[in-house]
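Structure first, commentary second.
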Amino acid sequence: MVNARNMDVLRVSEDRAAHGEGPIWDARTQNLHWVDMLAGDLLSLRVSDGFAHRQHVATVLAVLRPRRMGGFVMALERGFAILDDRSATPRYLGDLWTDISVRMNDGGCDPQGRFYAGSMAYDQTPGRGTLYRLELDESVTVVLNDVTISNGLVWSVDAETVYYIDSATQRVDAFDFDAGSGTFSNRRPFVLIDPTDGCPDGMTIDAEGGLWVALWGGGAVRRYTASGKLDEVVRLPVPMVTACTFGGPELDQLFITTSQVGCDASAADTASGALFCARPGIAGAVLPACAASTAMGSPYQDSTRSAFYPRTGKEA
């Protein structure tokens, strides 16, 4: 039986992203980060006191993950970048393609600390996207071709399976994962979502191996058990739900990003694009940080500060 909980879903940001995406909990700093993707902005929330901060980074900031040595790894419009703590400017690693009609989208880190991000055409032309992997030495490998809208990417708790969403398929797919090589193999459907319920977008995983899938156009986040059974639905007051992640000191808060894209532009809609939070009664799995460039180290290793999240100050 599906539990469509009417749990409290609270708005936790006054700032509204035009296209909020990619929330991630930074265990090192105890802050939540997400992106206003097409504005190129990084948004941060200090959960302990609600202080929020917005910083412009690039033309497009598709997705980011904390680095083990501090700072972030990022996917910008057409390539990867590294941002050290206290640095105001990312170190761009170069364009992976020259076609300006294609951009990066969502991504994540594998348990070995390699960072993945996938691309898509701005006009969503089928098959023009690619899933890339940033290796620990900052070289780049193509993982999947013929992608349309590369989206959610997470690894199972035992790290033997990787789950992936190409939104155009209306599926969450599963692959066998080889930790040594980073190879994806034996692709098979794991969950199929009816288009009338929304389109699968970003996702995260809990400590029991359940997948939490954001539904673009569906106004909800769904939980699927490790066997692929739908058993939980979290309803939101806005339709364009983009992604989710567990955060907070106990990883027991589910943070959910939303978008204003495709929404009613009237003054009546004052919540689309905000960050929301629910407490589903289960803890999230610990998501890996990026290990790229750790061999070179970082000149800034203060565990409590970053350029994007000052220790004190007024809300931007």
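We did not get these values from a lab; they are worked out from the coordinates using the rules stated. Everything numeric here is computed off the predicted structure, so don't read it as measured data. Cβ sites come from the backbone with ideal geometry, for glycine too, and all protein chains shown count toward neighbours.
Determine the gain in length on full extension of the stretch Thr270-Arg188; use 0.36 nm per residue of separation and subtract their C-alpha separation, reporting nm with one decimal.
Length gained, Thr270 through Arg188: 25.5 nm.
For Cys290, which sequence-distant residues (separation of 5 or more, or a different chain) have an amide H within less than 5 Å of its own amide H, given hydrogens modelled in the peptide plane?
Sorted by chain and number, the residues that satisfy this are Arg67, Arg68.
Only Cα pairs within less than 10 Å get springs; with that Gaussian network setup on the chain, which residue of Ile82, Ile282, Ile100 has the largest fluctuation?
Residue with maximal mean-square fluctuation among Ile82, Ile282, Ile100: Ile100.
What is the projected area of the convex hull of the Cα atoms of the range 38-112, averaged over all directions, in nm²?
Convex hull of Cα atoms, orientation-averaged projection: 6.0 nm².
Could you bin all the Cα-Cα distances of the range 68-148 into 10 Å bins starting at 0 and give me the percent of pairs in each, rounded to whole numbers?
Reading the bins upward from 0: 18, 51, 25, 5.
Specify the residue with the greatest mean-square fluctuation among Ser150, Ser259, Ser87, computed from a Gaussian network of the chain linking alpha-carbon atoms under 10 Å apart.
Evaluated over the chain, the most mobile residue of the options is Ser87.
Identify the GluC sites (Glu not before Pro) of the range 1-89 meeting these criteria: DSSP loop state and at most 15 other C-beta atoms within 10 Å of the C-beta.
Glu14
Loop-only trypsin sites (Lys or Arg not before Pro) in the range 13-68, please: DSSP not H, G, I, E or B, and at most 10 other Cβ atoms within 10 Å.
Passing sites in the range 13-68 do not exist.
Based on the Kirkwood radius over alpha-carbon pairs, what is the Stokes-Einstein translational diffusion coefficient of the chain at 37 °C with 0.692 mPa s viscosity, in µm²/s?
In µm²/s, the coefficient is 171.
What distance in nm separates the simple spin-label points at Ala159 and Ala283, each placed 7 Å from Cα in the Cβ direction?
1.9 nm
Can you tell me how the range 108-234 classifies by the Cα gyration tensor, rounded, prolate or oblate, using a/c under 1.5 as the rounded cut?
Oblate, since a/c reaches 1.5 and b/c is not below a/b.
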